[in-house]
Amino acid sequence: MFEWMAWTTPIAVFFCCIVLMLVAMTVWELKSPTVTHKGFLPIETTRGDRLFIGLLIAAYVAVSDRMTAWFGLEQEPSIWISFVISMLLLALVMRKG
């Protein structure tokens, strides 16, 4: 069923992180219902909104080939570097967004 997808270690880690985040967000919502928050994003958001926006940003960074040009690198960086940067951006949006 999944033969069409190239399941590499970074991709498996990324999907496991998303599943764990969704489970954690569900438990967090049950324990403490969400309230809207106004951070640096131009709209009031809930935790779920910030997670979605953060995942979009993380996915863009993870698949962007512009990082080579942005940092003036000679070759494309490791996928693990993109993964770490995207998770840090996700954490920033979740905390301060």
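The values are calculated or read from the model by the stated rules, or taken from the named source; none is laboratory data. Not measured: the values here are computed from a predicted model. Methodologically, a virtual Cβ is constructed for each residue, glycine included, from the backbone with ideal geometry; neighbour enumeration extends over all protein chains shown. Quick note on the areas: whole protein, heavy atoms, side chains included, nothing else; ligands and nucleic acids left out. Shrake-Rupley method; radii C 1.70, N 1.55, O 1.52, S 1.80 Å.
For the reader, a short list of remarks on this structure follows.
- Every pair of residues 6+ apart whose Cβ atoms lie under 6 Å, when the first sits in region 84-97 and is open to solvent by 80 Å² or more (accessible area, probe 1.4 Å) while the second is outside any helix (DSSP H, G or I): Lys96/Gly39; Lys96/Phe40
Okay, residues lined up against (1) β-branched (Val, Ile, Thr); (2) at pLDDT below 80; (3) in a loop (DSSP other than H, G, I, E, B):
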position	(1), (2), (3)
Gly39	no, no, yes
Gly54	no, no, no
Asp65	no, yes, yes
Gln75	no, yes, yes
Phe83	no, yes, no
Leu89	no, no, no
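- Residues of region 1-21 that turn out to be assigned to a helix (DSSP H, G or I) and free of Cβ contacts under 8 Å to residues at least 24 places away in the same chain, as a count: 7
- Among residues of region 41-52, those that are in a loop (DSSP other than H, G, I, E, B) and either among the β-branched types (Val, Ile, Thr) or at pLDDT 85 or above (or both), counted: 4
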